[in-house]
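S.K.: Would you mind keeping the following structure in view while I ask a few things?
The values are calculated or read from the model by the stated rules, or taken from the named source; none is laboratory data. Source: prediction; values computed, not measured. We place every Cβ from the backbone using ideal geometry, glycine too, and count neighbours over all the protein chains shown.
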Amino acid sequence: MEDLNYTIDPSCFQEAPLAIDVINQLDTFGIVLYSILTFMSTVSLLLYLEECAYVYKKVPSPKKMTIIWVNGAAPVIATMSCLGMWIPRSTMFTDMTSNSYFAVVVYKFLKLMVEEVGGEEAFLRRSVGKTLRISTGPCCCCCPCLPRKGISRRMLFLLKLGSLQYAILKTVLSIFSIVLWSNGNFDLSDLNITGASIWINLFVGALTITALWPVAIMFMHLRNSLRSIKIIPKYAMYQLVLVLSQLQSTIISILALNWVISCSPPFSPNARGSLLGQQLMIVQMFIITLVTRLLYRRTYEPLDLDHHDSDNAQNNKITLTPAAVEDVL
């Protein structure tokens with residue numbers, strides 16, 4: 001029987017390499033690749049800064065700050081991915097920064113839809129006698145029998161709270177994870193039931209689903225009214241950033257943990273998986289930055305929503321009592 005001996009490079013079991021080690025091992029192709037990706041992330045950031053100046057001058061408050069927040073998702077993720085590409089040991093910090101920023105964007109996108117119809121008071125005035133369809137994703141898309149809910153000030157508060165909790169708790173849990181990591185109690189590759197990583201990630205997943213549901217409910221309600229400002233492609237870009245920054249990264253991490261992504265010294269499977277994910281993210285976020293620039297860098301004029309309200313009145317009509325009118329107003 002043939003005796004097979006395999007030698008595995010020790011770096012395959014070590015932590016991510018230092019930045020200087022990455023630079024020293026770059027060949028001609030690596031130098032060109034890193035240069036192109038760095039250029040893409042830099043252009044994304046510069047385009048975003050230019051757009052911030054444009055929106056700040058052309059759009060009244062408070063909508064301009066909301067637009068700046070929402071528009072920064074792709075450039076911020078691209079910038080953090082570029083830093084993580086050059087400095088592999090900073091991956092946990094850059095990923096948590098990107099995820100915390102996007103958690104705020106989830107809340108800001110819901111707020112943006114409300115502000116596009118004139119703000120909370122205008123939204124409530126226009127919504128007298130209308131209902132919200134709550135049987136939508138990601139929570140209740142398989143439950144079409146759920147009753148519609150009347151729009152009130154309390155319902156709007158609950159929708160905002162559902163998204164705001166994610167922005168707050170995600171940031172708090174990111175800081176808590178870094179504290180645990182500094183004490184040696186947090187490891188992204190530790191999937192044991194006794195590890196802190198798996199419980200924190202499961203809790204964050206539940207928070208994410210809870211936060212996305214109110215945004216989907218509000219989008220389904222306002223998509224026809226805001227069609228003239230291209231709310232559907234804007235929502236599509238927001239969803240695309242979510243899928244790429246969360247789902248794609250999770251899939252790559254699982255593949256790396258199972259050694260489907262092989263070791264390539266000085267990168268271990270986990271470090272190489274993170275590197276591939278960051279390189280993909282830079283290209284993807286660069287493209288999304290260009291698309292969102294076309295969608296958001298425009299002339300902002302007051303919307304005439306009266307004809308949309310009349311078109312949708314029959315579909316959303318409910319019987320109002322004096323108490324219900326008082327609750328809305």
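S.K.: May I ask you to list the residues in the stretch 67-98 that are assigned to a helix (DSSP H, G or I), modelled with pLDDT of 90 or more and among the β-branched types (V, I, T)?
M.R.: Listed by number, the residues that qualify are I67, I68, V70, V76, I77, T79, T94, T97.
S.K.: To continue, here is another question. Only residues that are without any contact (Cβ under 8 Å) to a residue 12 or more places away in the chain and not hydroxyl-bearing (S, T, Y): list them for the stretch 89-98, please.
M.R.: none
S.K.: For the stretch 99-138, which positions are assigned to a helix (DSSP H, G or I) and without any contact (Cβ under 8 Å) to a residue 60 or more places away in the chain?
M.R.: Y101, K108, K111, L112, E115, E120, E121, A122, F123
S.K.: Scan the stretch 205-235 residue by residue and report those that are at pLDDT 90 or above and of a type in the set (D, E, K, R).
M.R.: K234
S.K.: Looking at S245, is it small (G, A, S), closer than 30 Å to I151 by Cα and at pLDDT 80 or above? Let's see the steps before the verdict.
M.R.: Values: small (G, A, S): yes; closer than 30 Å to I151 by Cα: no; at pLDDT 80 or above: yes.
Considered against the rule, which asks whether it is small (G, A, S), closer than 30 Å to I151 by Cα and at pLDDT 80 or above, S245 comes out as no.
S.K.: Show the residue pairs meeting these rules: Cβ distance below 9 Å; 6+ apart or different chains; first residue within the stretch 8-34 and within 14 Å of I87 (Cβ to Cβ); second residue modelled with pLDDT under 85 and among the aromatic types (F, W, Y).
M.R.: Qualifying pairs under 9 Å: A16/F267; P17/F267; V22/F267.
S.K.: Yes or no: L132 within 23 Å of the chain's Cα centre (by Cα) and either at pLDDT below 90 or of a type outside the set (G, A, S) (or both)? Please lay out each step first, then the result.
M.R.: Details: within 23 Å of the chain's Cα centre (by Cα): no; either at pLDDT below 90 or of a type outside the set (G, A, S) (or both): yes.
No, not satisfied.
S.K.: Checking the structure you have, find out if any residue of the stretch 305-321 is part of a helix (DSSP H, G or I), surrounded by fewer than 21 Cβ atoms within 10 Å (Cβ to Cβ), modelled with pLDDT of 80 or more and among the hydrophobic types (A, V, I, L, M, F, W, C). Before you say what the answer is, go through the steps one by one.
M.R.: Narrowing the stretch 305-321 to residues part of a helix (DSSP H, G or I): 306-316.
Still in the list and also surrounded by fewer than 21 Cβ atoms within 10 Å (Cβ to Cβ): 306-316.
Narrowing the set further to residues that are modelled with pLDDT of 80 or more leaves none.
Within the stretch 305-321, none of the residues are part of a helix (DSSP H, G or I), surrounded by fewer than 21 Cβ atoms within 10 Å (Cβ to Cβ), modelled with pLDDT of 80 or more and among the hydrophobic types (A, V, I, L, M, F, W, C).
S.K.: Now for a different question. Looking at the stretch 189-208 only, could you name the residues that are buried (at least 18 other Cβ atoms within 10 Å of the Cβ) and closer than 28 Å to L156 by Cα?
M.R.: Step one: list which residues in the stretch 189-208 are buried (at least 18 other Cβ atoms within 10 Å of the Cβ), which gives 197, 204, 207-208.
Selection gives V204, L207, T208.
S.K.: Quick one: what pairs do we get from the stretch 209-231, first residue buried (at least 20 other Cβ atoms within 10 Å of the Cβ), second of a type in the set (S, T, N, Q), C-beta under 7 Å, 6+ apart or different chains?
M.R.: Listed pairs, sorted by first residue: A211/S163; A211/Q165; P214/S163; V215/S163; A216/T136; I217/T136.
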